[in-house]
Amino acid sequence: MYTASITAQVTGIILGVHFTEGQRVATGDPLIDIDSRTYRAMLMQAQGALERDENLLAQAQMDLQRYQQAWARNAIAKQILDDQEKLVRQNEGTVKNDQGTVDFDQVQVDYCHITAPIAGRVGLRLVDPGNVVQTAGTTTLAVITQLEPITVIFTIPEDSLGPVQDRLRAKAKLSVDAFDRTAQTKIASGQLLTLDNQIDTTTGTVKGRAVFANTNDALFPNQFVNTRLLVNTLQGVTLVPSSAIQQNGQASFVYLIQNDVAHMRSVKVGVTNGGQTQVDGINPGDVLANSSFDKLQDKIAVVVSNPPPPASTNGASGSSAP
């Protein structure tokens, strides 16, 4: 979900590296210390200037109070009072400038003590004590990658975008399964987090991000996985093996076996998943041919070599091979 590449914000010598390679760190854990003596000296100078100017301001404010009292008794000219008011304003500006310098120098000192910005796993050590780092340098001091949770970015065809968006607008929690490179072994299960805001015109797909708890470290950063997104669950539909469905131009049909005779039956094909296809036009318990299609014709007698199991009551259709 997060990857932090840490670089130096100040110039100095590395005094200590406080992590080991591959260590799990929490937010705020110390990582690297850079020599801060120069920046502490500058901070002390700024603090001294601030203290001096604060006292000058306090003195000018006391004088202003005296002049205001004298002006009330007509003891001084109005010009003297006006000059003192502007002097106070000048000293206030000086104090603000000094305070800004102190804050800036304090930030430089804090930059010398680098802590983990996120919780995660530290990679291999990239610097050692004694190395000199530069403010304008591009040297990466450490890389932290968050592992728990972790996200998977995958693509969805733009033709499938509508159903996914409909479910997201309905506040549905869509599950996502991550499989290995062969798409055979499931690694982890997560949940769709969001979709990208535009379609990639070169591929006709839109990116989605799914989040996984990853408490067992089954997923690794930059690992290649195959994902399967469950958009919706259809209830009360009839499923047949996808291999039993034949095509005749744009029409789909199956061979229905009744009394050892094959009958061509047109079907309306729906969703296909995991080698199973939803169809309309077939009743639960019907026996379908699933092989030897080159020998089949409508209303031809067949011999069932692999009898189907008894029809179940859960609405699943049987299949057989002539």
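Here the dipole of the chain is about 760 debye; that uses its Cα centre as origin and unit charges on the Cβ of Lys and Arg (positive) and Asp and Glu (negative). If R0 is 45 Å, the Cβ-Cβ spacing of Lys186 and Glu21 corresponds to a FRET efficiency of close to 0.90.
Only helical DSSP H runs with n ≥ 4 go in: add -39500 (n - 2.57) per run for the chain, normalise by residue count and round the 222 nm mean residue ellipticity to 500 deg cm²/dmol. Working shown, then result.
Numbers: 3 runs with 79 residues, N = 322.
Estimated from H runs of four or more residues: -8500 deg cm²/dmol.
Nearest 0.05, what FRET efficiency do Thr215 and Leu126 give at R0 = 30 Å with Cβ-Cβ as r? Rounded to the nearest 0.05, the efficiency is 0.60.
Taken about its Cα centre, region 3-145 carries a charge dipole of about 140 debye when Lys and Arg each add +1 at the Cβ and Asp and Glu each add -1 at the Cβ.
Roughly how big is region 150-229's charge dipole about its Cα centre, with Cβ charges of +1 (Lys, Arg) and -1 (Asp, Glu), in debye to the nearest 20? Don't skip to the answer; put the middle values down first.
Values: 9 positive and 8 negative charges, 54 e Å.
Dipole about the Cα centre, nearest 20: 260 debye.
Given the choices (i) 0.93; (ii) 0.99; (iii) 1.90, Cα Rg over 2.2 N^0.38 Å derived from the coordinates of this structure is entry (iii). Once you reduce region 25-62 and region 66-95 to the center of their Cα atoms, the two points are 31 Å from each other. Once you reduce region 206-276 and region 103-121 to the center of their Cα atoms, the two points are 52 Å from each other.
Under 20 Å from the Cα of Lys78, which aspartates and glutamates turn up, not counting those fewer than eight places away in the same chain? Partners found: Asp63. Projecting the Cα positions of Gln61, Gly204, Pro284 onto the charge dipole of the chain (unit charges on Cβ atoms of Lys, Arg, Asp and Glu, taken about the Cα centre) puts Pro284 furthest along the positive direction. Simple spin-label estimate for Gln106 and Ser266 gives 8.1 nm between the two label positions (7 Å along the Cα-to-Cβ direction from each Cα).
Summing +1 for each Lys or Arg and -1 for each Asp or Glu among the other residues whose beta-carbon sits under 13 angstrom from that of Gln47 gives -4.
If the chain linking Asn283 and His113 were pulled fully straight, counting 0.36 nm for each residue of separation and taking away their Cα-Cα distance, it would gain 54.0 nm.
Under a Cβ-Cβ cut-off of 12 Å, what is the net charge of the residues other than Asp110 that fall near it, where Lys and Arg count +1 and Asp and Glu count -1?
Details: positive: Arg40; negative: Asp33, Asp103, Asp105.
Net charge around Asp110: -2.
Of the residues Gly249, Gly12, Gly236, the one that moves most in a GNM of the chain with alpha-carbon contacts below 10 Å is Gly249. In straight-distance terms, cross-link reach from Lys173 covers every one of the lysines whose alpha-carbon lies under 28 Å from its own, apart from those fewer than eight places away in the same chain; here that gives Lys186, Lys207.
Read-outs: derived from the displayed coordinates by stated rules, not from any lab. None of these values were measured; they are calculated from a predicted model. Glycine gets a Cβ as well: all are built from the backbone with ideal geometry, and neighbour counts include every protein chain shown.
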